[in-house]
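Let me begin by presenting the structure, written as structure tokens, before commenting on it.
Laboratory data are not the source of any read-out in this text; all were calculated from the coordinates shown. Because the structure is a prediction, the values reported are computed rather than measured. Cβ sites come from the backbone with ideal geometry, for glycine too, and all protein chains shown count toward neighbours.
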Amino acid sequence: MDHVELTAPGLLLRPWRVTDAPALLTALDEPAIAQWNAQNVTDLAGAEAWIRQRADWSCGTRMSLAVTDAADGTLLGAVSLNGIRRGDASIGYWTTAGARGRGVATGAVSALTGWAFDGLDLHRIELCHAVPNAASCVVAGRAGYPLEGTLRESHRYGDGRRYDEHLHARLATDR
């Protein structure tokens with residue numbers, strides 16, 4: 001899979017760079033990211049390894065992009081497609097504390113979704129989030145992902161507990 005760069009109003013979605021490691025380390029230490037998108041990254045070397053893994057799209061089943069401010073390059077979050085297989089995938093994202101409430105997640109999810117339907121010829125993309133994370137329901141709805149149901153105790157999150165998740169999905173034919 002070729003690396004891509006995408007834009008949305010005020011945003012640049014681009015492949016991860018090792019130079020993102022300090023900002024990534026700060027972001028992953030933020031309590032909400034640690035809770036809902038827990039990563040085992042505790043130092044700069046770990047952040048660089050995390051970036052190298054996400055920058056490698058050679059398997060063709062996943063891709064990850066840094067979400068940055070289009071004007072100054074500040075890291076605002078991440079958006080990824082995972083489980084790309086036979087026309088289906090799942091999408092995930094997180095945003096830094098300072099980026100929340102500004103439409104960053106919705107813009108990033110919408111941009112990657114549109115590209116995935118066109119560029120990868122996907123048919124269905126699922127978005128799951130923990131039920132207590134109400135902001136993610138808002139993002140899903142604004143990005144055109146209707147709620148399909150609740151997956152009971154389907155994922156263990158950063159605090160080690162299993163949570164119910166909302167399953168949202170979008171089809172290429174929904175556009």
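Descriptive notes on the structure:
- The range 1-131 - charge dipole about Cα centre, Lys and Arg +1 at Cβ, Asp and Glu -1, debye rounded to 20: 240
- Of all DSSP-defined beta bridges confined to the chain, some 90% are antiparallel rather than parallel.
- Kirkwood Rh, Cα atoms: Rg over Rh of the range 97-167: 1.00
- Note on the range 6-174: Cα convex hull, mean projected area over all directions, 9.3 nm².
- A Förster radius of 35 Å combined with the Cβ-Cβ distance from Ala34 to Asp88 puts the calculated FRET efficiency at roughly 0.75.
- Projecting the Cα atoms of His3, Trp36, Tyr145 onto the charge dipole of the chain, computed from C-beta unit charges around the Cα centre, puts Tyr145 farthest toward the positive end.
- Separation between Cα centres of the range 128-175 and the range 73-120, rounded to whole Å: 14
- On the basis of the beta-carbon distance and an R0 of 35 Å, Ala49 and Thr7 show a calculated FRET efficiency of 0.80.
- Nearest-0.05 FRET efficiency for Ala97 and Thr19, computed from C-beta distance (R0 22 Å): 0.55
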